[in-house]
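What follows is a short report on a single structure.
Computed from the coordinates by the stated procedures, all read-outs in this text should not be read as laboratory data. Every value quoted in this text rests on a predicted model; they were computed, and no experiment measured them. Every residue, glycine as well, gets a Cβ built from its backbone with ideal geometry; the counts of neighbours run over all protein chains shown.
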Amino acid sequence: MLDSIMRYILYLLLRLLFRIEIKNRHYIPEKGGVIIASNHTSYLDPPVLAASLKRRPTFIAKASLYKIPIVGFIIRTYSIGVKRDKPGSSTIKKALKVLKSGGALVIFPEGGRSKEGKLMEFKRGVGLLAALGHVPVIPAYIKGTHRALPVGAKLIRMEKIKVVFGRPIIRRSGEDDLTYEDRVTKEIFDEIKRLSQTCS
């Protein structure tokens, strides 16, 4: 209950400051393990996605963010920490535990924020987790956070933010792990790119 209230307050705040608009949220299943894979251009992206979901999210986040006073505690509460120089198998195990317990895992497949706001090459992790976790993936495109708080900026600008979810990508009948892993990574990239081109 407290988690839902906090996310609703966050949504109201984002609605007030950035006129946030959310489309196709019905694509996200109400229960069961699922991965939400999104583009990443700003530190605003995690709270924007958290406010856009009707479920408690668990993010894959840089462990170094835990050191930030106050904010670090909140990030730790809603994430699995990963060290970029040493990802480690423990991160995969913790992520799979979230998925197998029916949780919603949020991943930024690019592995970091895009400085220019353009979609970068995806890392292998999202496809691997989808295959090992036997879960669908929901692509998501966030528009506006790159202008509101781009990489390196110290001040936030009140730009309109829009979140658009794509259709679920699911495993086909008889499809093995490796085939699904390769296909889902490509299809997520293509769908997020398509959403970025149609998002107005």
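Remarks
- Exposed-site-free run, longest, the chain (rule: GluC sites (Glu not before Pro); DSSP loop; at most 13 other C-beta within 10 Å): 31-115
- Checking every one of the trypsin sites (Lys or Arg not before Pro) in segment 36-95 against DSSP loop status and a limit of 13 other Cβ atoms within 10 Å picks out LYS54, ARG84.
- Of the trypsin sites (Lys or Arg not before Pro) found in segment 1-48, the ones in coil according to DSSP and having at most 16 other Cβ atoms within 10 Å of their Cβ are ARG19, LYS31.
- With R₀ fixed at 30 Å, the C-beta to C-beta distance from ASP190 to LYS100 puts the FRET efficiency at about 0.65.
- Cut-off 14 Å (backbone N to label point 7 Å along Cα→Cβ of TYR66), residues of segment 85-126: 86-88, 90-92, 94-95
- Linear extension gain, LEU12 paired with LEU178, 0.36 nm per residue minus alpha-carbon span: 55.6 nm
- Rough spin-label spacing in nm, given labels placed 7 Å along Cα→Cβ, for THR77 and ILE156: 1.7
- In terms of distances greater than 32 angstrom between alpha carbons, the cross-link table entries LYS31/LYS93; LYS67/LYS94; LYS94/LYS160; LYS83/LYS193 yield LYS94/LYS160.
- Its relative contact order, with pairs defined as Cα atoms under 8 Å and 6+ residues apart, puts the chain at 29 percent.
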